[in-house]
1. Only one of Ala41, Ala55 is without any contact (Cβ under 8 Å) to a residue 24 or more places away in the chain and aliphatic (A, V, I, L, M); which?
2. Restricting to segment 61-79, and then to whatever is under 15 Å from the mean Cα position of the chain (by Cα) and either among the hydroxyl-bearing types (Ser, Thr, Tyr) or not in a helix (DSSP H, G or I) (or both), can you tell me which residue is surrounded by the fewest Cβ atoms within 10 Å (Cβ to Cβ)?
3. Looking at Arg25, Arg9, which is the one that is surrounded by fewer than 18 Cβ atoms within 10 Å (Cβ to Cβ) and among the charged types (D, E, K, R)?
4. Residue by residue through segment 30-51, note down the ones that are assigned to a loop (DSSP other than H, G, I, E, B) and farther than 14 Å from Lys75 by Cβ.
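Rule-based calculations on the coordinates, nothing more; no lab input. Predicted, not measured: the structure shown is a model, and the values here were computed from it. When we count neighbours, we look across all protein chains shown, and the Cβ atoms used for this are built from the backbone with ideal geometry, even at glycine.
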Amino acid sequence: MPRPRRCRRIFFKPNITYFKPAGLRIVDLEEVVLTVDEIEALRLKDFLDLEQEEAAKKMNVSQPTFHRIVSSARKKIADAIINGKALRIEGGNYIFGKKSI
């Protein structure tokens, strides 16, 4: 039996949760689902330009786990852009942090 997942701490919930290629109907698109914790990892690493170790501490995960989260998110985004898929942001195992960054 696998270990239970630790809740990842996030400090940002996106207001926009769906992106799609222009000119295509939603019903004709495949979707890629990004979790809220993956968006938070991207925000910390790529948008705020934090080091992985610092970002991992903020999310309450280890550095290797943070790296896996970021890598997974980047792969999903690349798949959506390259293959013309819709991108939905939802779910994940997280708690909303108590202090703002």
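1. Within the list Ala41, Ala55, the selection yields Ala55.
2. Restricting attention to segment 61-79, the residues satisfying the condition of being under 15 Å from the mean Cα position of the chain (by Cα) are 61, 65-79.
The next check asks that each one be either among the hydroxyl-bearing types (Ser, Thr, Tyr) or not in a helix (DSSP H, G or I) (or both); those that pass are 61, 65, 71-72.
On the way: Val61: 21, Thr65: 16, Ser71: 12, Ser72: 15.
Going through the qualifying residues, I end up with Ser71.
3. Numbers: Arg9 fails: surrounded by fewer than 18 Cβ atoms within 10 Å (Cβ to Cβ).
The conditions single out Arg25.
4. Going residue by residue through segment 30-51, those that are assigned to a loop (DSSP other than H, G, I, E, B) are 30, 35, 48-51.
Scanning segment 30-51 gives Glu30, Leu48, Asp49, Leu50, Glu51.
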